[in-house]
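Novice: Just dropping this structure here.
Just so it is clear, none of the values below were taken in a lab; they were calculated from the coordinates. Just so it is clear, the structure is predicted and the values come from calculations on it, not from any experiment. A quick note on method: Cβ atoms are made from the backbone with ideal geometry, for glycine too, and the neighbour counts reach across all protein chains shown.
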Amino acid sequence: MVEKFCDIIPHATGWIFIIDGVQSAPYPSYDLAVRAANAHADRALKRTVFRQQKLNGEMARIPGAATVAEIKGFRGTTSA
């Protein structure tokens with residue numbers, strides 16, 4: 001399965017996400033940027049891996065962040 005990266009990084013006016021080199025509008029909080037990235041990635045057909053920028057500039061996976069493929073896998077299930 002092809003992975004698509006979604007980077008959540010700080011911006012001068014808040015937080016942005018970048019998918020395939022395309023930058024989002026800025027969001028005032030990290031949580032809003034992650035929610036918007038999730039909503040955007042939900043429309044994507046490929047697996048999206050969420051990452052955040054560390055202080056040294058490296059990108060790291062966001063711990064505990066579900067991938068779109070994982071989220072979609074749970075949507076069709078029902079609990080008894």
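Novice: When ranked by the protection proxy of mean other Cβ atoms within 10 Å per residue, highest first, what sequence do the peptides 57-63, 13-19, 23-29, 37-43 form?
Specialist: 13-19, 37-43, 23-29, 57-63
Novice: Okay, next question. With only alpha-carbon atoms counted, please give the Rg and Dmax of segment 6-45, in Å.
Specialist: Rg, Dmax (Cα atoms, Å): 9.3, 31.
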